[in-house]
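Visitor: My questions will all concern the structure given below.
The values are calculated or read from the model by the stated rules, or taken from the named source; none is laboratory data. Everything numeric here is computed off the predicted structure, so don't read it as measured data. Using ideal geometry, Cβ is built from the backbone for each residue, glycine included, and neighbour counts are taken over all protein chains shown. Calculation scope for accessible area: heavy atoms of the full protein, side chains included, ligands and nucleic acids excluded. Shrake-Rupley method; radii C 1.70, N 1.55, O 1.52, S 1.80 Å.
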Amino acid sequence: MRYVLIIMMMVGAGMALAQSGSDGLGDSYYPQLGNGGYDVQHYTIELEIDVDANTIDGTAMIEAKATQTLESFNLDLSGLTVESVLVNDEEAAFDRDDTELIITPTTPLEQDDAFTIIVAYSGEPEPINDPGVPFLPIGWLRNDSIIATVSEPSGSMVWYPSNNHPLDKATYTLRITVPEPYVVAANGFLMETTDNGDTTTYDWQTDDPMASYLTAIYIGEFVVEETTLDDGLPIRNYFLADDAERWSEEFASQGEMIAYFSELFGAYPFDVYGSIVVPDDVMPAALETQTLSVFGESSVNPATIAHELVHQWFGNSVSPAAWEDIWLNEGFATYGEALWVENTDGTDGYNEYIAVLHDFAGEAGLAAPADPGISELFGASVYVRGALVLHALRAELGDDVFFDVLREYHTRFANSVARSSDFIAVAEEVSRHDLVALFDAWLYGAEVPPLP
Ligand code: TRP
Ligand code: ZN
């Protein structure tokens, strides 16, 4: 009798677990980011934005596939008011718990079911103080005439509900309506602009998979500068009219950079690129939002332009499977700065750049770049010691093999995610070297090793 009861309880608990999608994806730094039980294919985010009032009226249509039976499942959403949720066009029950939007459809979903979720919501987006980004609030930044949704790592959930972790990439339609005379720039291609009289709707489309932290819309009185590179890649840059000439000159080298990095890393991974510049009072930093990097005014310089571009390969096409592996983004992008210096100033310039990084790492006593801890997610160690990992690897393998490793790593994980162990495995496989000692010292070691 007692045993029967215990077995029944176990079955009961097991079934309850099997039928609700988990509220996280097991990320060691962000256990609540992302959700289990389904896989999103496409987001269609429609927003009507009142720029003066700083409010949005939104509809998120999410096309997903169940990966298990789902009696309920979660999306990530921070703040805002949810008015209704439909699952497969039927009104669904929903609940809010911190950043979890918990949805219970009238009919449970079966494993492998394709389904659609439509969330109607509205309100004033509230920026997030993310512990991984103590230097600025994220999600929805603005001054009196510009809005910038810069989100890495958690901020996109302040303006649309999502499976907010790079483990679930998807394609996107961002259909954004703003009052005249505002312009909307966003990821991907501008498919259509509709003049509604007092407002304009901008229809942006991203056809390559994208992590939620790389989605962005930028609203302001921007002018667009459009060009096409020799190989056909379209470039569109967005600048405020007053500074357009100055920024146009600063960003003129982007085409040459794309050609150079494509040779080193393999073809540019997306079908369009460009940059947008915003005033520092909106965002005093730079961010590699997919296909459209954003720069605060004082972050416009060749090294940072190269850095954000390199992220399109390392960070955006190949994204971190876990936030503790962020050096796979920032170490690679910082190393890209040194590579650009090598191209413009030669080997001496490269060596000088690396020496400065190495001196700094030693003097500052920078900790190991692997698993930096959430408060150091974007700390100096990840950038500086992260870049030195690649310098040490290049010194060990020589140029030919080293760049073969980078290209193979990118090819294998393009449009997907990777862990540090994936990179190490590719490096060992391609080079046929035992690299345990090298990564132990440079990636995992507390001490900064001497420069090779
Ligand atoms: N990834 C950015 C870089 O290229 C740094 C960063 C992380 C950031 N989160 C951000 C910048 C949010 C602006 C806003 O180094
Ligand atoms: Zn970076």
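Okay, residues lined up against (1) under 22 Å from Ala286 (Cβ atoms); (2) of a type in the set (Val, Ile, Thr):
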site: Pro179; (1), (2): no, no
site: Val184; (1), (2): yes, yes
site: Thr193; (1), (2): no, yes
site: Thr206; (1), (2): yes, yes
site: Tyr213; (1), (2): yes, no
site: Ile219; (1), (2): yes, yes
site: Phe222; (1), (2): yes, no
site: Leu233; (1), (2): yes, no
site: Phe239; (1), (2): yes, no
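Visitor: Residue by residue through the stretch 354-373, note down the ones that are surrounded by fewer than 19 Cβ atoms within 10 Å (Cβ to Cβ), hydrophobic (A, V, I, L, M, F, W, C) and either outside any loop (DSSP other than H, G, I, E, B) or at pLDDT below 95 (or both).
Guide: Ala355, Val356, Phe360
Visitor: What are the residues in the stretch 281-306 that are farther than 21 Å from Gly139 by Cβ, within 12 Å of ligand 2 (Cβ to nearest atom) and of a type in the set (Ser, Thr, Tyr), if any?
Guide: Within the stretch 281-306, just Thr304 meets the criteria.
Visitor: Sticking with this structure for a sec: State yes or no: is Val150 within 16 Å of ligand 2 (Cβ to nearest atom) and of a type in the set (Val, Ile, Thr)?
Guide: The answer is yes for Val150.
Visitor: Same structure, new question: Output the residue which, of all residues in the stretch 206-236 that are farther than 23 Å from Leu47 by Cβ and in contact with a strand residue (DSSP E or B) (Cβ under 6 Å, 6 or more places away or on another chain), is least open to solvent (accessible area, probe 1.4 Å).
Guide: The qualifying residue least open to solvent (accessible area, probe 1.4 Å) is Ile235.
Visitor: Next question, about the same structure. Just need a number here: residues in the stretch 307-353 that are more than 16 Å from ligand 2 (Cβ to nearest atom) and part of a loop (DSSP other than H, G, I, E, B).
Guide: Total meeting the criteria: 2.
Visitor: A follow-up question, please. Considering only residues that are out of contact with any Gly (no Cβ under 8 Å at 6 or more places or on another chain) and either open to solvent by 20 Å² or more (accessible area, probe 1.4 Å) or more than 20 Å from Ala437 (Cβ to Cβ) (or both), which ones fall in the stretch 410-421?
Guide: Pass one, the stretch 410-421, residues out of contact with any Gly (no Cβ under 8 Å at 6 or more places or on another chain): 412-421.
Matches in the stretch 410-421: Arg412, Phe413, Ala414, Asn415, Ser416, Val417, Ala418, Arg419, Ser421.
Visitor: Which residues, taken from the stretch 24-68, are more than 20 Å from the chain's Cα centre (by Cα) and either assigned to a loop (DSSP other than H, G, I, E, B) or closer than 30 Å to Glu376 by Cβ (or both)?
Guide: Gly37, Val51, Asp52, Ala53, Asn54, Thr67, Gln68
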